[in-house]
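Since the structure comes first, as structure tokens, the remarks are kept for the end.
Please treat every number below as a calculation from the coordinates, not as lab data. All of these numbers come straight from a predicted model, not from anything done at the bench. Cβ sites come from the backbone with ideal geometry, for glycine too, and all protein chains shown count toward neighbours.
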């Protein structure tokens with residue numbers, strides 16, 4: 001089974017390639033689960049096809065935790081669980097896998113390491129900081145992906161217990177403050193580093209532009225985004241820069 | 001420039017499809033482009049700037065967001081192509097338009113995937129392995145083309161900007177543009193930070209971090 005688990009693990013890296021509005025990450029889930037379902041084909045091709053058909057249905061998950069669903073659903077199929085139970089398992093997993101992943105990775109692990117890297121670059125660490133970011137981030141990333149697939153495959157329909165593991169709760173509790181601390185630490189360093197290129201009127205204008213833009217972004221976050229406001233600001237500055245010779 | 005184009009394509013693919021190892025993060029994308037072009041300092045400068053813009057978005061589920069990875073690669077290349085003092089401002093203009101284009105292309109990619117999945121639905125539901133592999137790898141291939149197209153369009157925009165805008169821009173004007181770009185990035189980074197931290201106890205930790213950061217900045 002090890003080679004098939006390895007194949008499923010590698011396929012998980014492409015899980016979102018066919019992401020679509022109908023099945024979300026479902027097609028990618030089926031693609032990753034296929035090697036794990038192959039033993040069914042040797043016994044009964046109809047059962048394999050039915051299981052593969054179910055594996056590609058609607059599924060939602062954080063991409064790094066898709067392995068939990070892939071492993072659990074494939075294991076349940078191999079264990080001969082009834083289709084209704086497998087559908088219930090799919091529905092039950094979709095919500096938590098999305099919210100846990102978003103909280104731990106997108107709102108925790110990524111911004112924390114990004115902020116620390118920004119601070120390190122501002123401090124003069126240069127490329128070493130970026131290399132360290134890639135290594136540390138992906139150590140966590142790969143470990144999470146492998147844990148997810150292993151937990152799903154070993155527990156099958158009882159995978160819910162793995163999602164209640166103390167380390168997940170603890171990681172969430174720790175990452176919240178650490179992320180806030182790292183972001184807060186990085187901002188002044190980056191602001192000073194970015195402002196070093198300017199002198200006199202330019203530095204004062206930079207402070208005013210940043211403060212006004214920040215105020216606008218906080219005032220109407222529903223309408224204004226960093227990209228929209230940034231584009232408006234630079235286009236206005238571009239026109240002024242052409243006129244002001 | 002061929003290396004930059006290839007790097008932009010890889011970065012575009014990394015964001016969603018393969019392998020999501022944060023190559024698409026502006027800091028990494030910018031550093032990589034800087035290495036390729038022999039100007040690491042410019043790569044890091046643009047990387048930091050777009051990383052701050054990146055803080056403004058949380059790529060959760062089906063949300064629509066700009067794509068800052070290839071945009072950063074293009075901006076680093078643009079900064080070098082322009083070869084003017086400061087240069088950050090005009091390169092940011094090119095990068096932000098590329099980011100917007102990248103975001104739009106992601107939506108188009110998802111819509112094409114949806115159409116392909118609808119067509120393949122009967123075969124998928126019947127457990128047709130061939131149809132599943134074709135559909136999935138088709139999405140991967142389209143995303144590769146998408147990343148290449150966004151990077152190419154961004155580089156073309158950089159060339160057009162060099163031809164038509166650089167000659168019209170005064171030194172003072174470029175400095176103003178750099179100020180605006182840096183100010184917008186800092187504001188986006190600060191606003192994004194508050195969104196990530198949210199309300200409640202996180203704010204206390206943020207305040208503590210800010211204090212530490214101010215002291216560290218003063219010491220440096």
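Structural remarks
- Taken over the alpha carbons of segment A:2-194 as equal point scatterers, the Debye sum produces base-10 log I(q)/I(0) values at 0.08, 0.11 Å⁻¹ of -0.31, -0.55.
- Computed from Cα positions, the angle between helix A:66-78 and the longest principal axis of chain A comes to roughly 10 degrees.
- Chain A: angle of helix A:201-219 to the longest principal axis, Cα-based, in degrees nearest 10: 40 degrees
- Between segment B:57-99 and segment B:12-32, the alpha-carbon centres lie 13 Å apart.
- Ordering of A:213-226, B:129-142 by packing [mean C-beta count within 10 Å, highest first]: B:129-142, A:213-226
- FRET E, pair residue A:243, residue A:10, Förster distance 60 Å, beta-carbon r, rounded to 0.05: 0.60
- Between residue A:138 and residue A:192, the simple spin-label model (points 7 angstrom out along Cα→Cβ) gives 3.3 nm.
- Here, P(r) means the percent of Cα pairs in each 5 Å bin from 0 to the largest distance; for segment B:7-122 it is 2, 13, 22, 23, 16, 10, 6, 4, 2, 1, 0, 0.
- The helix-based estimate of mean residue ellipticity at 222 nm for the protein assembly as shown, built from -39,500 (n - 2.57) per DSSP H run of four or more residues and divided by its residue count, is -26500 deg cm²/dmol to the nearest 500.
- Span from the segment A:137-206 Cα centroid across to the segment A:1-53 one, whole angstrom: 29 Å
- For the pair residue B:125 and residue A:2, label points projected 7 Å from Cα toward Cβ lie 4.1 nm apart.
- Inter-site label distance for residue A:222 and residue A:92 at 7 Å from Cα along Cβ, in nm: 3.8 nm
- Ranked list, fewest to most other Cβ atoms within 10 Å of each Cβ, for B:72, A:117: A:117, B:72
- For segment A:141-184: Kirkwood Rh in Å [reciprocal of mean 1/r, alpha carbons]: 11.9 Å
- Distribution of pairwise C-alpha distances over chain B, 10 Å bins, in %: 8, 29, 30, 20, 10, 3, 0
- For a label point 7 Å along the Cα-to-beta-carbon line of residue B:204, residues of segment A:185-214 with backbone N under 11 Å: none
- Taking only the Cα atoms of the protein assembly as shown, the radius of gyration and Dmax are 23.2, 79 Å.
- Each of A:22, A:77 was scored by other Cβ atoms within 10 Å of its Cβ. Arranged with the fewest first, they read A:22, A:77.
- Here segment A:210-234 and segment B:143-220 have alpha carbon centers that stand 12 Å from each other.
- For chain A, built as a Gaussian network whose Cα springs stay under 10 Å, the top-fluctuating residue of A:108, A:148, A:140: A:140
- Gyration tensor (Cα) of segment A:145-245, equivalent ellipsoid semi-axes in angstrom: 46, 18, 13
- Between 0 and 90°, nearest 10: helix A:110-122 axis offset from chain A longest Cα axis: 30 degrees
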